[in-house]
Amino acid sequence: MQDVIVVGGGLAGLVAAQEAASRDKRVLLLDQEGSQSLGGQAFWSLGGLFMVDTPEQRRMGIRDTHALATSDWMGSAQFDRPEDANPRRVAEAYLAFAAGEMRPWLHSIGMRWFPVVGWAERGGEMAHGHGNSVPRFHVTWGTGPGVVAPFERLVRAQEDAGRIRFGFRHRVTHLIVENGVAKGVRGEILAEDQADRGKSTSREVVGDFEHRAEAIVVTSGGIGGDHERVRHYWPEDRLGKAPKRMVSGVPDYVDGQMQRVAEAAGAGIINGDRMWHYTEGVANWDPIWPNHGIRILPGPSSMWFDALGTRMEAPYMPGFDSLGTLKRILSTGYEHSWFVLTQKIIEKEFALSGSEQNPDLTSGKWREVLKGRLMSKGAPAPVEAFKAHGEDFVVADRLEDLVAGMNKITPQTPVSFERIRDQILARDAQIDSPYCKDAQVTAIRGARNYRGDRLIRTAKPHRILDASNGPLIAVRLNILTRKSLGGLHTDETGQVLRADGSVFEGLFAAGEVAGFGGGGYHGYNALEGTFLGGCIFSGRAAGRAV
């Protein structure tokens with residue numbers, strides 16, 4: 001008999017299991033995938049963590065405070081619903097954690113961070129609105145695997161001590177509820193499948209199971225792999241019509257099934273219409289899971305055009321406002337957009353999200369980073385591979401040929417060469433003068449005021465149509481599914497609430513299935529680095545509460 005059952009072996013599940021076991025609880029950790037997938041979506045991430053007033057920030061000349069981070073978070077979250085009371089409390093608790101105990105604690109279990117702090121989600125409008133005022137995106141050495149490894153090591157040690165045991169290939173289909181209290185789980189045992197991490201696995205059922213415990217912790221992730229489910233929750237009133245075509249930023253088993261199981265048992269779900277999808281998705285030329293998409297993490301210099309060939313206005317610029325840009329793109333009636341850039345820009349500014357697309361950072365070795373990013377010719381090797389093989393990339397020496405290539409990819413929505421040319425020429429005319437009315441050029445200059453951007457993330461301003469900066473590159477960008485910002489309604493401890501707000505005894509939740517805490521601690525917008533951070537924070541809270 002176990003004391004705690006954790007459903008889901010991702011980052012939040014590992015943290016919750018470790019915290020419970022460290023309090024001498026006997027823990028059973030269940031996951032529908034095999035042991036090779038332990039760590040879940042965190043493994044595939046870039047490993048970014050939102051932290052506040054860190055040594056890494058101070059070394060880069062960044063002044064950050066708990067108060068400034070709180071102002072940025074609340075301006076981005078825009079909490080406006082009665083049910084946002086718990087998400088707000090969780091957000092406040094996370095901000096105190098991120099500005100205090102978080103870094104020392106993670107450092108003590110072995111995590112380290114790349115010294116250049118990234119500046120994500122810059123906002124671009126009002127100081128009291130969405131966006132990070134300063135760089136806060138701390139990339140973990142080892143990327144996603146480097147985040148997972150310390151917790152997997154701790155959990156394996158607890159397994160050796162007899163406090164944690166695993167049930168892989170166990171798919172929970174029902175919660176056992178007696179007298180209103182969650183008492184256990186039942187479900188199906190799936191056939192063994194040794195497919196590589198992220199690959200689709202067999203759904204052949206070879207048995208069933210039932211396990212009971214004093215507490216159940218649901219840490220099963222989001223819904224991004226089920227596009228119909230995403231469309232079901234899509235907020236058309238805020239973002240526009242749901243896309244018919246999207247690429248997947250997560251494997252197909254990230255389908256929200258366990259959230260539905262909990263809801264059927266009486267758990268409350270809030271903020272299901274809040275979600276976080278990216279606009280810079282490209283089809284992976286070497287896919288791991290079905291419809292596999294990769295996000296481009298661009299610097300600020302690429303020119304961004306909508307599907308009709310109109311350059312998008314501020315703040316819809318690379319790296320500034322993800323959901324605002326998503327709405328702007330969909331307002332055209334189409335689902336794609338275009339980057340137009342130069343070889344100099346792609347070499348300095350393009351990064352691809354994900355551990356597998358950043359082998360140098362994933363290695364955790366300075367030698368590999370220097371070789372891959374500073375000493376090699378061209379863009380990083382994974383970026384050059386997409387440029388050579390990706391179906392969304394066009395490369396040409398002349399703009400006429402570039403536009404012809406763009407129209408070959410999207411013949412149903414051709415863009416005008418003359419219109420594209422005129423907009424680029426107008427932008428180029430702003431480059432040489434210290435006076436400028438182009439918001440993006442001003443933003444590029446502002447980015448280069450930050451030492452980290454000037455060193456490795458922002459190209460020196462130059463004319464797009466100057467042949468010496470070429471060749472020219474165009475990239476068709478697709479909507480990429482990623483994160484659920486709402487989910488199971490919990491309090492600050494991870495205790496799940498029912499639809500009427502009462503306590504669902506015996507049931508807890510953490511990670512993405514709970515909107516990363518509270519049922520949506522981001523509100524409407526994320527500041528990046530807050531997904532892994534939310535899994536760690538909410539998993540720890542639930543593990544300490546059970």
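For the reader, a short list of remarks on this structure follows.
- Once the Kirkwood radius over Cα pairs is known for segment 284-415, the Stokes-Einstein relation at 4 °C and 1.567 mPa s delivers a diffusion coefficient of 80 µm²/s.
- Part-to-part distance (alpha-carbon centres) for segment 100-143 and segment 418-487, which is given in Å: 23
- Here the peptides 230-242, 491-503 are ranked by packing, the mean other Cβ count within 10 Å, and the order with the highest first is 491-503, 230-242.
- Most positive-pole-ward Cα, Gly180, Ala542, Gly256, against dipole of the chain from beta carbon charges: Ala542
- Every helix of 4 or more DSSP H residues in the chain counts as -39500 (n - 2.57), and over all residues that averages to -9000 deg cm²/dmol at 222 nm.
- Dimensionless Rg/Rh of segment 444-546 - Kirkwood Rh, Rg from C-alpha atoms: 1.26
- Taking label positions 7 Å along the Cα-Cβ direction at both Ala439 and Asp422, the computed distance is 2.1 nm, reported to one decimal.
- When all alpha carbon pairs of segment 237-298 are counted in 10 Å bins from zero, the resulting P(r) reads 17, 38, 33, 11, 0 %.
- At 1.002 mPa s and 20 °C, Stokes D of segment 380-468 from Kirkwood alpha-carbon radius, µm² per second: 140
- Highest average packing first - 122-129, 92-99, 143-150, Cβ atoms within 10 Å: 143-150, 92-99, 122-129
- Segment 19-67 versus segment 255-320: alpha-carbon centroid distance in Å: 21
- Qualifying GluC sites (Glu not before Pro) for segment 276-377 [loop in DSSP, other Cβ within 10 Å: at most 15]: Glu313
- Only one residue of Tyr521, Gly144, Pro434 has its Cα farthest out toward the positive end of the dipole of the chain, where Lys and Arg carry +1 and Asp and Glu -1 on Cβ, and that residue is Pro434.
- Just the protein heavy atoms count here, and of the accessible area of segment 1-145 at 1.4 Å, carbon and sulfur take up 52 percent.
- Taking the C-alpha atoms only, the angle from helix 530-545 to the longest principal axis of the chain is near 10 degrees.
- Partners of Lys483 within straight-line reach, counting lysines whose Cα lies under 22 Å from its Cα and excluding those fewer than 8 residues away in the same chain: Lys199, Lys241, Lys244, Lys327.
- For Lys437, a cut-off of 20 angstrom between C-alpha atoms picks up these lysines, skipping any fewer than 8 places away in its own chain: Lys460.
- Per DSSP, loop trypsin sites (Lys or Arg not before Pro) in segment 1-100 with at most 10 further Cβ within 10 Å: Arg63
- Shape class of segment 77-199 from the Cα gyration tensor (axes a ≥ b ≥ c, square roots of the eigenvalues): oblate, since a/c reaches 1.5 or more and a/b does not exceed b/c.
- Residue-span extension gain [His232 to Asp500] - 0.36 nm each, minus C-alpha spacing: 94.2 nm
- Net length gained if the chain between Glu92 and Arg153 were fully extended (0.36 nm per residue, minus Cα distance): 19.0 nm
- Nonpolar atom fraction for segment 303-461, defined as the carbon and sulfur part of the 1.4 Å probe accessible area, stands at 54 percent.
- Rounded, prolate or oblate (a/c below 1.5 giving rounded, otherwise prolate when a/b exceeds b/c) for segment 52-143 by Cα gyration tensor: oblate
- Rolling a 1.4 Å probe over the protein heavy atoms gives segment 91-206 an accessible area of 43 Å² per residue.
- Rg(Cα)/(2.2 N^0.38 Å) for segment 1-98, N = residue count: 1.40
- Measure of compaction for the chain (Cα Rg per 2.2 N^0.38 Å): 0.96
- Each peptide among 28-34, 323-329, 450-456 gets the average number of other Cβ atoms lying within 10 Å of its residues, and from highest to lowest they stand as 28-34, 323-329, 450-456.
- DSSP beta bridge pairing in the chain, given as percent antiparallel to the nearest 5: 70
The values are calculated or read from the model by the stated rules, or taken from the named source; none is laboratory data. Remember, it's a predicted structure, so these values are computed and weren't measured experimentally. Counting neighbours? That spans all protein chains shown, and the Cβs are built from the backbone with ideal geometry, glycine included. Side chains included, ligands, DNA and RNA excluded: accessible areas come from the protein's heavy atoms. Shrake-Rupley method; radii C 1.70, N 1.55, O 1.52, S 1.80 Å.
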